[in-house]
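*Asks:* Starting off with a structure, shown below.
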Amino acid sequence: MQLHKDFDLRPLNTFGISVKCKYLIEIEEETELPRAVEMATHFGYPFMVLGGGSNMLFTEDYEGSILYMRIPGISAETQGEEVLVTAGAGVVWHDLVQYAVAHGYGGLENLALIPGTVGASPIQNIGAYGVEVQDIFDSLRGYHLEQGFMEFDKKSCHFGYRQSIFKGALKGKFIVTQVRFRLSTQPNLKLHYGALQDALAQRGLVKPSIAEVAEVVSSVRVSKLPDPSSIGNAGSFFKNPEIPEAQFQRLKIDFPEMVGYPAGEGVIKASAAWLIESCGWKGKVIGNTGTYAKHALVLVNHGHATGSDIWALAQSIQRSVQERYGIHLEPEVNIIGRIQLSN
Ligand SMILES: Cc1cc2nc3c(=O)[nH]c(=O)nc-3n(C[C@H](O)[C@H](O)[C@H](O)COP(=O)(O)OP(=O)(O)OC[C@H]3O[C@@H](n4cnc5c(N)ncnc54)[C@H](O)[C@@H]3O)c2cc1C
């Protein structure tokens, strides 16, 4: 366990926002957690957990302690065609994907190149290209602040769209230390997602391998999303709003181009990118902030933005979508600070 005082978090958040925390406590083994939590509490400040900082917007200095999760390690146990792969919370997500691909274990390939750590992956049930973590999740282990170390199976995680119990009832109460995935040596590739199908067809890949799917997903991502090491961002800033089908059909009369997909009985998941783009925000630059020229849903730091600059932009976008369509956009990114949230 390492302790740093007045730590500048700029290298630890993909928006590249320079803010300080009172203490940064690096956790390299799960056995350090009880003591680290005790220390953080003893300092008399609030504390929070940080992985790769790729889903965070710090709007001001964090007047508390940050538990920075660095628990390493990947191991695998084969059970017939199935492989249980267990990884420490601090493992870089894409390193895990590469490990699985290199060993011929299928299941993670559509989730290639998502930034962040393994420990954060179940928190918002990360997803891309037609697959979510819940599809290959087996179980996880972690530290409950009141009940100590415990395990969760898939059912008890209450996964939903960018949602889990760890963002709900257990928010701020549970620290993931390792996650176990159920992969397969006989993968059932999920190739139905439109953009993935198109990219595979362009390359003439009819029966792609796991490695080819991961490679195609990675190259599509690189062509569409800004690299946080050159343009600060946290991926999609808002969730796609789920609205009643009747509301969607009414809106379609005035806005026939509106994009949405069925998301369960009588529910449509509207495209947040379309809503934002149609309000004229795509590629807009406002001071040091803006939306990415190729993807309206990605808010960016053009260099010297503060977290509150970005939050102000996010609120302006929320307001224009609300006024035009009567739809509230809920941030997917975790907003950290005392700023009054309108979400
Ligand atoms: C360019 C870009 C593209 C992206 N694309 C996608 C995408 O396609 N799909 C997608 O779902 N997301 C995407 N994201 C968002 C992000 O990658 C994921 O949310 C990722 O899981 C965040 O991981 P992290 O380690 O950086 O978490 P952080 O940002 O550090 O933390 C996120 C949340 O998880 C909590 N947390 C982190 N680790 C733990 C732990 N061990 N125990 C308990 N709580 C923890 C934090 O307290 C915080 O609330 C993208 C981000 C970027 C920058």
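*Asks:* With all pairs of different alpha carbon atoms counted, what Kirkwood hydrodynamic radius in Å does region 107-195 show?
*Replies:* For region 107-195, the Kirkwood estimate is 13.6 Å.
*Asks:* Enter the accessible area of Asp198 (Å², nearest 10), with the probe set to 1.4 Å and all protein chains included.
*Replies:* The accessible area of Asp198 comes to roughly 100 Å².
*Asks:* Further question: Heavy-atom accessible area per residue, the chain, 1.4 Å probe: how many Å²? Can you show the working numbers first?
*Replies:* Numbers: 15750 Å² over 343 residues.
Spelled out: the 1.4 Å probe surface of the chain, per residue, equals 46 Å².
*Asks:* Would you check the accessible area of His4, probe 1.4 Å, heavy atoms only, in square angstrom rounded to 10?
*Replies:* It works out to around 50 Å².
*Asks:* Report the dimensions of the chain along its three principal axes from the alpha-carbon atoms, largest first, rounded to Å.
*Replies:* In descending order, the Cα extents are 58, 51, 37 Å.
*Asks:* Would you kindly find the accessible area of Thr59, with a 1.4 Å probe and non-protein molecules such as ligands, DNA and RNA excluded, rounding to the nearest 10 Å²?
*Replies:* 20 Å²
*Asks:* Further question on the same structure: For a 26 Å ceiling on Cα separation, which of these pairs sit above it: Lys167/Lys284; Lys190/Lys269; Lys173/Lys239? If you can, show how the numbers build up before the last one.
*Replies:* Details: Lys167/Lys284 31 Å; Lys190/Lys269 20 Å; Lys173/Lys239 23 Å.
As for pairs spanning more than 26 Å Cα to Cα, those are Lys167/Lys284.
*Asks:* With a 1.4 Å probe and all protein chains left in place, how much of the accessible area of the chain comes from carbon and sulfur atoms, in whole percent?
*Replies:* On the chain, the fraction of accessible area on carbon and sulfur atoms equals 49 percent.
*Asks:* So if the hydrodynamic radius of region 2-69 is defined as the Kirkwood radius over C-alpha pairs, what does Stokes-Einstein give as its diffusion coefficient at 10 °C and 1.306 mPa s, in µm² per second? Don't jump to the answer; show the numbers that get you there.
*Replies:* Numbers: Rh = 11.9 Å.
The estimated diffusion coefficient comes to 133 µm²/s.
*Asks:* Given a cut-off of under 8 Å on Cα pairs at least six residues apart, what relative contact order in percent is computed for the chain?
*Replies:* It rounds to 17 percent for the chain.
*Asks:* Can I ask one more? Do the sum for the chain: with -39,500 (n - 2.57) for every DSSP H run of n ≥ 4, divided by all residues, what is the mean residue ellipticity at 222 nm, to the nearest 500 deg cm²/dmol?
*Replies:* Taking each H run of at least 4 residues, the total per residue is -7500 deg cm²/dmol.
*Asks:* Moving on. Taking all pairs of distinct Cα atoms, average 1/r, flip it, and tell me the Kirkwood hydrodynamic radius of region 74-224 in Å to one decimal place. Before the final figure, lay out each step's value.
*Replies:* Values: mean 1/r = 0.0634 Å⁻¹.
Answer for region 74-224: a Kirkwood hydrodynamic radius of 15.8 Å.
*Asks:* Would you kindly give the portion of the calculated P(r) for region 232-336 that falls above 16 Å, as a percent of all Cα pairs?
*Replies:* So the portion of pairs separated by more than 16 Å is 55 percent.
*Asks:* Could I ask something else about it? Which whole-Hz ³J(HN,Hα) couplings does region 105-122 yield from phi under the Karplus relation 6.51 cos²θ - 1.76 cosθ + 1.60, θ = phi - 60°, glycine and proline marked x?
*Replies:* So the J values, rounded to whole Hz, are 8, x, x, 9, 4, 5, 9, 4, 6, 6, x, x, 10, 4, x, 7, 4, x.
*Asks:* Within 10 Å of each candidate Cβ there may be at most 14 other Cβ atoms; applying that plus a DSSP loop requirement, which GluC sites (Glu not before Pro) in region 12-44 survive?
*Replies:* Here the sparse-neighbourhood loop sites are Glu29.
*Asks:* Compare the peptides 112-124, 96-108 by average per-residue count of other Cβ atoms within 10 angstrom and give them in order, highest first. Please report the intermediate quantities before stating the final value.
*Replies:* Values: 112-124: 24.5, 96-108: 20.5.
Result, highest mean first: 112-124, 96-108.
The values are calculated or read from the model by the stated rules, or taken from the named source; none is laboratory data. Note that this is a predicted model, so its numbers are computed, not measured. Quick reminder, even Gly has a Cβ in these numbers, built from the backbone with ideal geometry, and neighbours come from all protein chains shown. Quick note on the areas: whole protein, heavy atoms, side chains included, nothing else; ligands and nucleic acids left out. Shrake-Rupley method; radii C 1.70, N 1.55, O 1.52, S 1.80 Å.
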